[in-house]
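The values are calculated or read from the model by the stated rules, or taken from the named source; none is laboratory data. Small disclaimer: the values here were computed from a predicted structure and weren't measured. Cβ placement follows ideal geometry from the backbone for every residue including glycine, while neighbour counts extend to all protein chains displayed.
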Amino acid sequence: MTDHESDTIEHPLPGPREEPTPGFSLHWALCPKSERERERLTDRQRCPSCGHKGQWVGGGMGPKNEVGAVVYYKPALRCHCGYTHQFYMVVNDLRSEVPHGSAAEAAIASAQLKGLLPNAQYDEAILWSSALAHRGDVEAAWRQAEIAVEIEPNRGAGWFNLGCLALNKATFAEALEYFDRTLEGSEDFPSAWLNRGIALSQLGRIHEAEVSLHSFLDRYPRHRMATELLRKLQDIKQAEPQPL
């Protein structure tokens with residue numbers, strides 16, 4: 001059977017498993033031994049949202065990163081279904097990337113012993129939450145985001161995912177709470193300012209929504225949706241009756 005033929009076979013939709021998912025955390029990263037294997041591992045990645053492979057429409061390796069002796073990339077591949085899948089690839093075994101240094105397995109083990117690696121369960125829960133949300137499985141996505149905030153309550157990604165899910169459910173007060181928790185975390189999440197502004201605008205808290213949107217636009221001044229929403233809020237304020 002050829003690779004092309006295997007791509008046409010219906011596969012069950014992927015989802016969280018008891019064992020770690022390869023590539024979903026730095027601890028369980030993909031570790032190619034050659035350039036050919038790197039290409040093969042990338043080409044054969046299945047989209048965790050729709051389950052297909054061989055239909056990537058773009059993406060790239062992204063910047064080279066280092067933690068301890070581990071050298072890795074986090075490629076982002078955009079599927080035809082619209083989901084952008086990121087996964088971890090450690091390249092210590094590729095001499096073109098790391099001419100001298102520890103092999104991938106040894107580098108990962110050393111970084112783990114030194115406490116340098118992010119929590120693998122947390123990273124996997126975040127990735128699954130995003131993929132399941134894109135698929136439309138809100139309940140499963142919510143469950144994975146809750147697992148993430150239980151593991152790492154001081155990091156923002158889990159709270160951010162919960163906020164996005166609450167926003168999509170139109171539970172705006174709940175979404176606002178989650179975006180506030182996101183911004184209290186140890187990570188930089190400018191998109192939380194945007195989504196917080198959306199939630200506040202839906203709650204009728206126009207001035208607070210403007211402040212939040214300005215915080216986002218300070219970072220991304222040309223963002224179309226944020227600019228348009230801010231303009232609408234300003235129009236609403238101007239249309240309100242002025243006190244005598």
* **Single match in Ile151, Ile108 (criterion: modelled with pLDDT of 95 or more, buried (at least 23 other Cβ atoms within 10 Å of the Cβ) and of a type in the set (Val, Ile, Thr))** => Ile108
* To do: Just name the residue that is farthest from Leu26 (Cα to Cα) out of those in region 81-94 that are among the polar types (S, T, N, Q) and outside any loop (DSSP other than H, G, I, E, B).
  => Thr84
* Asked: Quick check: is even one residue across region 144-156 assigned to a helix (DSSP H, G or I) and free of Cβ contacts under 8 Å to residues at least 12 places away in the same chain?
  -> yes
* Structure fact -> In region 29-45, anything at pLDDT below 95 and surrounded by 17 or more Cβ atoms within 10 Å (Cβ to Cβ) is listed as Arg38, Leu41, Thr42, Gln45
* **Checklist (1) among the acidic types (Asp, Glu); (2) part of a helix (DSSP H, G or I); (3) in contact with a strand residue (DSSP E or B) (Cβ under 7 Å, 6 or more places away or on another chain) applied to Glu97, failing item** => (2)
* To do: Would you mention how many residues in region 56-80 are of a type in the set (A, V, I, L, M), under 30 Å from Lys114 (Cβ atoms), more than 18 Å from the chain's Cα centre (by Cα) and outside any loop (DSSP other than H, G, I, E, B)?
  => 3
* Could you list, in sequence order, the residues of region 28-55 that are farther than 26 Å from Leu117 by Cβ and either in a loop (DSSP other than H, G, I, E, B) or in contact with a Gly (Cβ under 8 Å, 6 or more places away or on another chain) (or both)? -> Asp43, Cys50, Gly51, His52, Lys53, Gly54, Gln55
* For Ser25, indicate whether it is in the same structural domain as Gln112 (by TED's automatic domain parsing), under 18 Å from the mean Cα position of the chain (by Cα) and in contact (Cβ under 8 Å) with a residue 40 or more places away in the chain. => yes
